[in-house]
Amino acid sequence: MLTIIYGDVPEAVYNTSVYFKNTYEPEWITSELARKIIQEVDKSEVLGPECINSPVFGQIPPERLSGGTKTLLLILNEPGKIFNASTCGDNCAKWILEIAKRQDISINLRHMMSFGIDTAFEIRIKNGGEIVHSMKELVPIAHKYLSEMGKES
């Protein structure tokens, strides 16, 4: 199941690019799910554990993947940690839901992420313990916690 925490989370990893650079393992890149994520989000092909073929940059190391892709790979491979998924665009949302089907994960969000208007899901909001099943249910709850976050600044 996916758990979202809106606002400041002291234990969350916020600088996912630096964290990824210093912790990823080459085998993270070559799993079937990782290959699909990299292909869809970055439009790139995994050639091997240390080499990705990007249509924009040519052959690149994993450290040059987009911030969203790196965050997804961290969420997938370190499910016990909380990562700042606000580094991800909405194009990563379906992959967050896919990872959450496979294992329990928690993410931190500081913006309204769209999980798809016609997508059914089950997401727990840790701030208040709510369980939501659609964007129609999620939007007012997320808005409430994001608004509270703005007032604390």
The chain: most fluctuating residue of Ala120, Ala85, Ala100 per GNM, C-alpha cutoff 10 Å: Ala120
field: Label-to-label distance, nm, for residues given as Cys51 and Ser134 (7 Å Cα→Cβ offset)
entry: 4.9 nm
- request: Using only C-alpha positions, report the orientation-averaged shadow area of the convex hull of the chain, nm², one decimal.
  value: 9.0 nm²
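Could you tell me what % of all Cα pairs in region 1-81 have separations over 16 Å? Numbers along the way, then the final one.
Details: 1608 of 3240 pairs.
Counting pairs separated by more than 16 Å, the tail of P(r) holds 50 percent.
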field: Cα-based Rg of region 66-129 normalised by 2.2 N^0.38 Å, two decimals
entry: 1.03
task: Pull the list of the chain cysteines that no other Cys approaches to under 4.7 Å, Cβ to Cβ.
output: Cys51
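Each value in this text was obtained by applying a stated rule to the coordinates, not by laboratory testing. This one's a predicted model, so the numbers in the text were calculated from it and none came from an experiment. Every residue, glycine as well, gets a Cβ built from its backbone with ideal geometry; the counts of neighbours run over all protein chains shown.
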